[in-house]
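What follows is one structure encoded as structure tokens, with my remarks underneath.
Derivation of every value follows stated rules applied to the coordinates shown; laboratory data play no part. Please read all numbers here as calculations on a predicted model, not as lab measurements. Using ideal geometry, Cβ is built from the backbone for each residue, glycine included, and neighbour counts are taken over all protein chains shown.
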Amino acid sequence: MRIDEFVSTLADPEPPLVSPLLRALWLDGKGDWEGAHRVAQGVDNPAGAWVHAYLHRKEGDLANARYWYRRARKAEATDSMDAEWRRIVTALLT
């Protein structure tokens, strides 16, 4: 699946059959931050930490986001939330 195909599924009532982290980002894309956070919390690896960092950045909890960026071994994002969302989705799709 390409990112444009993934984005188009945001119009659907249910997420596509994708990994849990992509499902978390799909939920976030639908406006369900809580659901996205629940899913991301269940993935204990650097990719899960990256999604977790993004979600806490979006929430405005920057101290918590910085912790998760460190766990993900990623630089703290400073671009738009949309740009980071797309960057993470693209990385997870490849």
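In this structure, is R38 more than 20 Å from D4 (Cβ to Cβ), within 12 Å of the chain's Cα centre (by Cα) and assigned to a helix (DSSP H, G or I)? So R38 passes the test. Of the residues in the range 76-94, how many are β-branched (V, I, T) and in a helix (DSSP H, G or I)? Total satisfying the criteria: 3. Checked against (1) surrounded by fewer than 19 Cβ atoms within 10 Å (Cβ to Cβ); (2) in contact with a Pro (Cβ under 8 Å, 6 or more places away or on another chain); (3) of a type in the set (A, V, I, L, M, F, W, C), L17 passes all but a single condition, namely (2). Here the range 51-75 is the region considered, the condition is being in contact (Cβ under 8 Å) with a residue 12 or more places away in the chain and in a loop (DSSP other than H, G, I, E, B), and the residue that is surrounded by the fewest Cβ atoms within 10 Å (Cβ to Cβ) is R73. From the list D82, D32, D44, the lone residue that is free of Cβ contacts under 8 Å to residues at least 12 places away in the same chain, charged (D, E, K, R) and surrounded by 12 or more Cβ atoms within 10 Å (Cβ to Cβ) is D32.
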